Amino acid sequence: MSRLRLAFAVSALTFITFPGLAQTAKKVNNPVFPGWYADPEATIFGKNYWIYPTFSAPYKQQIFFDAFSSPDLVTWTKHSRILDSTAVKWAKKAMWAPAIIEKGGKYYLFFGANDIHDDKKEVGGIGVAVADSPAGPFRDYLGKPLVGQIHNGAQPIDQFVFKDQDGKYYLIYGGWGHCNIAQLNDDFTGFLPFSDGTTYREVTPKNYVEGPIMFVRNGQYYFMWSEGGWTGPDYSVAYAVSKSPFGPFERVGKILQQDPTVATGAGHHSVIQVPGTDEWYIVYHRRPLGETDGNHRETCIDRMYFDANGTIKPVKITVAGVEARALK
Ligand code: FUB
């Protein structure tokens with residue numbers, strides 16, 4: 001057993017004593033692994049769950065990504081520095097919010113870098129790295145950002161790669177309260193313009209701030225995003241549903257937020273659907289109670305449920321986290 005696995009096997013069970021009763025084991029699976037990690041992108045490759053988070057630290061220290069894999073959502077193995085800025089000449093700081101997708105046996109890791117504010121003077125934005133394995137090592141795919149300009153007011157960060165039911169791939173991204181969708185070309189080296197000649201279509205819903213994701217359930221497109229400021233307690237997640245990946249997206253409401261008895265600043269999430277089932281998990285970051293350092297963000301997992309109408313029920317954030325769930 002690796003040192004990290006052993007540490008987690010021990011820390012996942014703490015013991016509380018009730019007067020007059022034998023010791024009772026209390027499960028503590030959140031956070032799912034130690035360290036300050038935010039913006040978790042969760043996915044499944046083969047028989048393993050994977051999480052690709054932001055290393056949450058001052059911007060100049062954010063020059064690499066670690067990844068984590070698990071056979072059951074409870075025991076996690078750390079894969080250090082799967083992508084390092086030494087492999088991306090143009091990335092100098094603020095490497096944020098990875099998104100990963102497998103295509104044709106290659107793994108493509110999309111990431112934000114440099115926190116650009118002026119695309120005329122700064123190099124940065126959304127880049128792509130590629131590897132032969134989900135654990136890397138990833139190398140820069142383009143030698144330059146894929147999205148290096150500000151379109152429709154959206155900062156080029158917080159990208160999500162969505163594979164639609166017809167096999168088309170879209171990049172959905174944006175900070176500063178604006179969200180764009182753009183269709184990726186076949187080899188992910190650029191974009192295919194829409195029939196109206198535009199490449200970046202704005203799909204921003206009400207209250208949107210950043211951190212978009214999309215998935216399809218029962219033929220409906222669920223679009224989710226983060227609201228509020230990421231350094232504060234009110235950071236949260238809301239969603240909309242549409243018949244098309246282009247919307248319109250009418251905000252339904254918040255489904256993830258702080259709980260004064262558990263943690264604050266719960267947001268920037270992703271979701272996992274166990275293949276062939278209607279079991280859903282929400283993977284997100286949150287801040288420990290009483291913590292004021294904006295970077296102190298930890299990755300957690302809880303269950304996400306739908307009601308009979310397809311409405312997402314408000315998520316109960318927990319300390320216990322989820323039960324072991326192996327993949328078949
Ligand atoms: O982690 C850096 C930034 O914080 C992300 O890009 C935002 O979504 C917010 O979570």
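Bear in mind that the values in this text are calculations on the coordinates, not laboratory data. Model, not experiment: these values are computed from the prediction. Cβ atoms come from the backbone with ideal geometry, glycine included; neighbour counts cover every protein chain shown.
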Over what distance in Å are the Cα centres of segment 253-328 and segment 63-77 separated?
17 Å
Among 53, 260, 71, residue whose mean-square fluctuation peaks in a GNM of the chain (springs only between Cα atoms under 10 Å)
260
Pop out the Kirkwood hydrodynamic radius of segment 5-304 from its pairwise C-alpha distances, inverse of mean 1/r, in Å to one decimal.
19.6 Å
Mind checking which of 109, 73, 142 has the largest fluctuation in a GNM of the chain, springs on alpha carbons under 10 Å?
142
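Taking the Cα centre of the chain as the origin, how large is its charge dipole in debye, to the nearest 20, when only Lys and Arg (+1) and Asp and Glu (-1) carry charge on their Cβ atoms? Please list the in-between numbers first.
On the way: 33 positive and 32 negative charges, 125 e Å.
For the chain, the charge dipole is close to 600 debye.
Local charge sum around residue 269 (other residues, Cβ-Cβ under 11 Å, Lys/Arg +1, Asp/Glu -1)?
Working: positive: 286; negative: 39, 41, 302.
With Lys, Arg at +1 and Asp, Glu at -1, the neighbours total -2.
Suppose R0 equals 35 Å; then what is the FRET efficiency for residue 216 and residue 117 from their Cβ-Cβ distance, rounded to the nearest 0.05?
Values: r = 34 Å, r/R0 = 0.98.
The pair residue 216/residue 117 has a calculated efficiency of 0.55.
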Nearby lysines by direct alpha-carbon distance to residue 144 (threshold 22 angstrom, same-chain neighbours under 8 apart not counted)
60, 89, 92, 93, 103, 106, 120, 121
Taking only C-alpha pairs under 8 Å that are 6+ residues apart, what is the relative contact order of the chain in percent?
15 percent
Just name one of 30, 149, 215: the one whose Cα is farthest towards the positive end of the charge dipole of segment 5-304 (beta-carbon charges, Lys/Arg +1, Asp/Glu -1).
30
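Sum up the charges of everything whose Cβ sits under 14 Å from the Cβ of residue 58, counting Lys and Arg as +1 and Asp and Glu as -1, but leave residue 58 out.
Numbers: positive: 60, 92, 93, 297; negative: 115, 293.
Net local charge, residue 58 excluded: +2.
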Dividing the alpha-carbon radius of gyration of segment 136-262 by 2.2 N^0.38 Å (N being the number of residues), what value is obtained?
1.11
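What's the local net charge at residue 287, with K and R +1, D and E -1, over the other residues with C-beta under 10 Å away?
On the way: positive: 286, 297; negative: 291, 293, 298.
Cβ neighbours under 10 Å give a net charge of -1.
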Please enumerate, by chain and number, the lysines with C-alpha under 17 Å from the C-alpha of residue 254, excluding those fewer than 8 residues away in the same chain.
206, 313, 316
Projecting the Cα atoms of 190, 304, 126 onto the charge dipole of the chain, where Lys and Arg contribute +1 and Asp and Glu -1 at Cβ, the residue farthest towards the positive end is 304
Report the full-extension gain for the segment residue 198 to residue 27: residue separation times 0.36 nm, less the Cα-Cα distance, to one decimal in nm.
56.5 nm
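Return the calculated 222 nm mean residue ellipticity for the chain, to the nearest 500 deg cm²/dmol, obtained by summing -39500 (n - 2.57) across DSSP H runs with n ≥ 4 and dividing by the residue count.
Details: 1 runs with 9 residues, N = 328.
Theoretical 222 nm ellipticity from helices: -1000 deg cm²/dmol.
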In nanometres, what is the gap between the two model label sites at residue 142 and residue 323, each 7 Å from Cα along Cα-to-Cβ?
4.4 nm
Comparing 256, 184, 192 in a Gaussian network model of the chain (Cα, 10 Å), the one with the largest mean-square fluctuation is 192
Roughly how far apart, in whole Å, are the Cα centres of segment 93-124 and segment 190-217?
17 Å
